[in-house]
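Trainee: Here's a structure for you.
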Amino acid sequence: DTGLTTLDSGFVNTASCSSAITYIDGDAGILRYRGYPIEQLAEKSSFLEVSHLLIHGELPSAGELDEFTDRIRRHTLLHEDLKRFFDGFPRDAHPMPVLSSAVSALSTFYQDSLDPFDDDQVELSTVRLLAKLPTIAAYAYKKSVGQPFLYPDNSLSLTENFLRMTFGFPAEPYEADPELVKTLDMLLILHADHEQNCSTSTVRMVGSSNANLFASVSAGINALFGPLHGGANQSVLEMLEGIRRDGGDVAAFVERVKNKEPGVKLMGFGHRVYKSYDPRAAIVAQAARDVLAKLGGDDELLDIALALEQAALTDDYFVERRLYPNVDFYTGLIYRAMGFPTRMFTVLFAMGRLPGWIAHWREMISDPQTKIGRPRQIYTGATERSYVDLAQR
Ligand code: SDX
């Protein structure tokens, strides 16, 4: 079985690589990390435990989880010179390019953990990234609102630490709502990996040149920024707010999508692989209802989202094209209810996807058989022709 299938377009769809990390059945709506169903992990596990599972291949024992957690806790601080990077960014910078710049800069500060073939250095760069990305993300937000940065408090879990560095102030104590911590932790689990999506394939492709982990993940962050990929959760909120501005007329918006008005798509719908309901979307939809009920978020936008989903699931245009809600359709409503600005939504996606990127980079580095080969192409340009001197052109 060569993994080659010929698409209707005549192009050959090749399996880009082999991997033992995540299994997806797009028709059946199945997603498993290292064999464990996403529904069970979302309900019973924690983000750090799932990170260990994806990266090391097994659920950790209690002792292994404690040791993994403690190692990560010790690396949550940023180098003081890296903190000064944030002074240079414009106040209105989007946090995603700030994230990719800071992650790329990690390879200048931590040159003792760049060798992809030294197991201790790979482990150290893994722990540094898992520990520092939440701190970098929180600082990108603080920079955008002109508030002082908070140092990490390592008595807290990674997710609590992130919420405190994001929403806390030096002048007063901050206690993250345990329900919020649990919901955010579960959302990070849902985003932790997804096979060969655009950003993960980017990490693998860059890493296939033996580029270090920080450089490869920085490239993945840039790929995730795209509105058709990780940027979709931000675009969904902008779409819902646009429908609200137009009087909440869902039917009129659906018609615009069906008429294929330029730039009008049902954001948060459709998927390259899932041609049925994205199993993550079902879990997020329920969490959205729970969080909005508890926090009293923007019910009007939730109502518009529910009406949009209902309209699309019963309309032949979407049914024929097998367009269902994907993981991004409801997440933005939850993040907004938690107090995150729209521009931080894709940053939260990147925080979730980080263990998946790391797991794929490590798998590819340790097993060249799983490397994405150098892709070839079907040449469609000019046939051979001779040079024409300038005077004759
Ligand atoms: C993520 O790969 C991953 O795993 C990604 C991800 C992950 O965890 O990493 O799951 C995260 O990126 C989820 C996707 C988030 N993006 C969006 O929600 C943006 C909106 N979605 C579309 O851009 C689109 O659905 C894609 C790109 C996600 C998938 O496109 P497909 O399945 O390849 O479909 P297509 O582009 O070949 O289109 C098929 C038809 C076309 O109509 P026709 O030309 O046949 O008439 O469906 C239409 C498209 O116009 N279509 C849509 C649509 N998506 C496809 N029409 C309206 N709204 C949409 N969202």
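Throughout, read-outs are computed from the coordinates displayed, never taken from laboratory work. None of the values given here were measured: they were computed from a predicted structure. Glycine also receives a Cβ, built like all others from the backbone with ideal geometry; neighbour counts cover every protein chain displayed.
Trainee: Just a yes or no: is a residue in region 161-174 of a type in the set (A, V, I, L, M, F, W, C), under 17 Å from the mean Cα position of the chain (by Cα) and at negative phi?
Mentor: Of the residues in region 161-174, the ones of a type in the set (A, V, I, L, M, F, W, C) are 162-163, 165, 167, 169, 171.
With under 17 Å from the mean Cα position of the chain (by Cα) added as a condition, the list becomes 162.
Now narrow it down to the ones that are at negative phi: 162.
Yes.
Trainee: Could you please tell me which pairs satisfy a Cβ distance under 6 Å, a separation of 6+ or placement on different chains, a first residue in region 366-387 that is under 30 Å from residue 56 (Cβ atoms), and a second residue that is not in a loop (DSSP other than H, G, I, E, B)?
Mentor: Short answer, once both residue conditions are applied: 370/363; 370/364; 371/364; 372/204; 372/205.
Trainee: Which ones in region 257-273 are surrounded by 14 or more Cβ atoms within 10 Å (Cβ to Cβ) and not aliphatic (A, V, I, L, M)? Lay out the reasoning, then the answer.
Mentor: Initially, region 257-273 is screened for residues surrounded by 14 or more Cβ atoms within 10 Å (Cβ to Cβ), giving 257-258, 264-271, 273.
Result: 258, 265, 268, 269, 270, 271.
Trainee: Okay, next question. Can you pull out the residues in region 94-148 that are assigned to a loop (DSSP other than H, G, I, E, B) and within 16 Å of the chain's Cα centre (by Cα)?
Mentor: Pass one, region 94-148, residues assigned to a loop (DSSP other than H, G, I, E, B): 94, 110, 114-118, 146-148.
Within region 94-148, just 94 meets the criteria.
Trainee: Related question: For the condition near the ligand (Cβ under 10 Å from one of its atoms), outside any helix (DSSP H, G or I) and under 28 Å from residue 27 (Cα atoms), what is the one hit in 273, 254? Break it down stepwise before answering.
Mentor: Numbers: 254 fails: outside any helix (DSSP H, G or I).
Checking each option against the conditions leaves just 273.
Trainee: Given the residues 248, 263, which is the only one that is away from the ligand (no atom under 14 Å from the Cβ) and assigned to a loop (DSSP other than H, G, I, E, B)? Steps first, please.
Mentor: Numbers: 263 fails: away from the ligand (no atom under 14 Å from the Cβ).
The match here is 248.
Trainee: Now a separate question. Against the definition (touching a Lys or Arg at 6+ places or on another chain (Cβ under 9 Å) and away from the ligand (no atom under 11 Å from the Cβ)), how does residue 301 come out, yes or no?
Mentor: When the stated conditions are applied, residue 301 passes them.
Trainee: Looking only at residues in region 20-67 that are farther than 18 Å from residue 157 by Cα and of a type in the set (Lys, Arg), which one is surrounded by the most Cβ atoms within 10 Å (Cβ to Cβ)?
Mentor: Per the criteria, the residue is 34.
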